[in-house]
Amino acid sequence: MTFTSNIAIDGYSSSGKSTFAKEIAKELGYIYIDSGAMYRAVALYCLENGIVTADRFDHVKLIESLDRIHIEFSVDPAANKQLTLLNGRNVEESIRGIRISELASKVSQVKEVRWKMVGLQRSIAEKGGIVMDGRDIGTVVFPDAKMKIFMTASLEVRARRRYDELMQRGIQASYDEVLESIRMRDHEDENRTESPLCKAEGAVTLDNSKMTIEEQMKWFRHHWKSANSNNEN
Ligand code: DC
């Protein structure tokens, strides 16, 4: 299977991947897929079904439940916004809080969960024309993507962005709590055994700590042109 027309964007939490990926998708007429939403939906399932409690994470029960977890994407036509469906229910809002972020980081360490998500991501992307963001898209999901981008920004900038996003959504949290949560997730994402976050071979790094979205798009156009001319040679 090849995914040569797709664009893979990996990077740290709150490094601006989704804003950038959506902008790219809009410009190229591609479809944007948020792979992190899938791990978040699994985390929500775990919370709602007693797989995770205050003091316990039942890995065996999670693995046994995988066949009962169905994740799909749909579009809200009124808001032209992606919706994440968990067993047919729109969970887009309920998967965005801090608790789910932390839990998603934990469930994403379970290899059986990763295998299922990667299969799903590949089946969505097999027709091409996809911009997908996550942690292992360029390294594992489609290593032969036309363009691979590795995104980063300073911890403080990312914490500020995440804090602002939570406030906008009306989710209560303190800046320090958000900073600590991102620091912990960075550590978990980079140090897990299964598909840890790292720069894929052939990926270009974008540090957008001090860049506007327009500047990032300028950067993208330049690299996209090179990616296309390299593929023609
Ligand atoms: O991108 P995000 O913050 O919504 O992702 C939520 C969690 O899911 C994050 O802690 C890491 C994990 N994840 C992953 O392991 N692989 C992906 N392709 C996407 C997300």
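The values are calculated or read from the model by the stated rules, or taken from the named source; none is laboratory data. Because the structure is a prediction, the values reported are computed rather than measured. Neighbour counts are summed over all protein chains in view; Cβ atoms, including those assigned to glycine, are modelled from backbone coordinates with ideal geometry. These accessible areas exclude ligands, DNA and RNA; they are computed on the full protein's heavy atoms, side chains included. Shrake-Rupley method; radii C 1.70, N 1.55, O 1.52, S 1.80 Å.
The table that follows gives values for the structure above.
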| quantity | calculated |
| --- | --- |
| Lone qualifier among S18, S14, S74 - being farther than 24 Å from E188 by Cα and open to solvent by 10 Å² or more (accessible area, probe 1.4 Å) | S74 |
| Segment 136-159 residues that are touching a residue at least 60 places away in the same chain (Cβ under 8 Å) and more than 30 Å from Y175 (Cβ to Cβ), paired with ones that are open to solvent by less than 10 Å² (accessible area, probe 1.4 Å) and of a type in the set (V, I, T) (beta carbon under 7 Å, 6 or more apart) | A145/I7; K146/I7; M147/I7 |
| Criterion (near the ligand (Cβ under 8 Å from one of its atoms) and outside any helix (DSSP H, G or I)) met by exactly one of D144, D133 | D133 |
| Residue that is closer than 19 Å to D189 by Cα and modelled with pLDDT under 95, where the choices are R162, R169 | R162 |
| Looking only at segment 19-43, and only at residues there that are in a helix (DSSP H, G or I) and within 15 Å of V75 (Cβ to Cβ), the one that is farthest from the ligand (Cβ to nearest atom) | K26 |
| Any hit, segment 127-148, residues being aliphatic (A, V, I, L, M), more than 23 Å from S74 (Cβ to Cβ), open to solvent by less than 40 Å² (accessible area, probe 1.4 Å) and in contact with a helix residue (DSSP H, G or I) (Cβ under 8 Å, 6 or more places away or on another chain) | yes |
| Members of segment 205-214 found to be surrounded by fewer than 17 Cβ atoms within 10 Å (Cβ to Cβ) and either within 10 Å of the ligand (Cβ to nearest atom) or closer than 24 Å to D144 by Cα (or both), listed by number | T205, D207 |
| Among (1) at positive phi; (2) assigned to a helix (DSSP H, G or I), the one test that G128 misses | (2) |
| Among residues of segment 48-71, those that are surrounded by 12 or more Cβ atoms within 10 Å (Cβ to Cβ) and more than 14 Å from the ligand (Cβ to nearest atom), counted | 15 |
| Subset of segment 78-119 (residues that are part of a loop (DSSP other than H, G, I, E, B), open to solvent by less than 30 Å² (accessible area, probe 1.4 Å) and farther than 12 Å from G36 by Cα) | V91, G97, V110 |
| E190, sole failed condition from (1) within 12 Å of the ligand (Cβ to nearest atom); (2) surrounded by 13 or more Cβ atoms within 10 Å (Cβ to Cβ) | (2) |
| Identity of the residue in segment 149-175, open to solvent by 60 Å² or more (accessible area, probe 1.4 Å) and under 25 Å from V107 (Cβ atoms), that ends up farthest from the ligand (Cβ to nearest atom) | Q172 |
